[in-house]
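Single-structure report; data block below.
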Amino acid sequence: MRTKVTLILLFLNVALFFFIFKFERGWRTEEASMEARRRVLGPETADIRSLQVSGPGFTTINLIRQDEKWALNEPIEWPANPHAVSRIINELQFLEHETSFSVADLEKNNQTLADYGLENPRLTLSFTSGATSEEGDEGSEVSLYIGDETKVGNRLYVLSSDRSRVHVVNLSLAHSLSIPVENLRADTVFSVPVFEARSLNLQNAANLRVRVRRDGNRWAFEAPIIARASKPTVELAINALNALR
């Protein structure tokens with residue numbers, strides 16, 4: 001009796017394994033394929049090196065990645081707010097369309113790009129990437145043209161980089177691009193972490209100079225005297241400077 005029950009359980013386990021392997025894997029593959037088809041952009045968003053947002057009556061914004069940090073170089077030169085830049089990049093990496101249609105089909109319906117605000121887009125987003133695109137291009141510029149909002153549904157018309165397809169995407173893309181320059185600027189005065197700091201120089205109105213320098217794991221005065229410095233006090237001073245906004 002026990003042998004019979006064991007054999008039945010073994011058979012059910014094999015059947016369950018076959019079901020998972022054959023059908024569930026197929027469902028997951030199909031789901032991933034559908035998600036990929038909804039994506040507006042491809043692998044080129046994985047390594048974005050520069051961003052530019054421009055448009056009629058809009059102050060052109062240029063952002064450049066320097067190592068792992070972002071900086072504004074237009075309209076001003078200033079370190080960029082990492083959270084604001086990350087929001088834009090995340091929007092691009094996960095940008096999906098609700099639906100899309102070919103520009104070639106517009107003529108058949110007696111429509112033009114102007115009907116969607118895409119003849120003269122209100123915003124143009126361009127970026128360069130170090131990753132290889134689906135077309136095999138590396139480091140080429142990719143552009144998205146931002147048009148009108150849809151009449152219902154809080155969606156946005158976006159024209160593809162090759163101007164061949166109109167995508168209907170979430171309005172959050174326009175919100176991330178319309179951020180004021182002031183909010184794109186980093187509000188930090190200093191941005192050197194204490195473990196990267198090598199020296200600290202202070203000078204007051206009476207021209208008294210204080211200079212301390214890191215020596216291995218210690219700090220030492222070089223002016224106005226030569227002596228050991230208090231490591232906790234120096235590092236607290238550097239942290240206080242980094243906390244300035």
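The values are calculated or read from the model by the stated rules, or taken from the named source; none is laboratory data. This is a predicted model, so every value here is computed, not measured. Quick reminder, even Gly has a Cβ in these numbers, built from the backbone with ideal geometry, and neighbours come from all protein chains shown. With ligands, DNA and RNA removed, areas are computed over all heavy atoms of the protein, side chains included. Shrake-Rupley method; radii C 1.70, N 1.55, O 1.52, S 1.80 Å.
At a glance:
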| quantity | calculated |
| --- | --- |
| Segment 70-109, accessible area per residue, ligands and nucleic acids excluded (1.4 Å, Å²) | 60 Å² |
| Net charge over other residues, Cβ less than 14 angstrom from the Cβ of residue 200 (K, R count +1; D, E count -1) | +3 |
| Long-range amide H partners of residue 190 with built H, under 5 Å | 244 |
| Accessible surface of segment 101-204 [probe 1.4 Å, protein heavy atoms]: carbon and sulfur percent | 46 percent |
| Debye equation applied to the C-alpha atoms of segment 88-215, log10 I(q)/I(0) at 0.14, 0.16, 0.19 Å⁻¹ | -0.74, -0.89, -1.14 |
| For segment 145-245, the Rg and Dmax computed from alpha carbons only, in angstrom | 25.4, 72 |
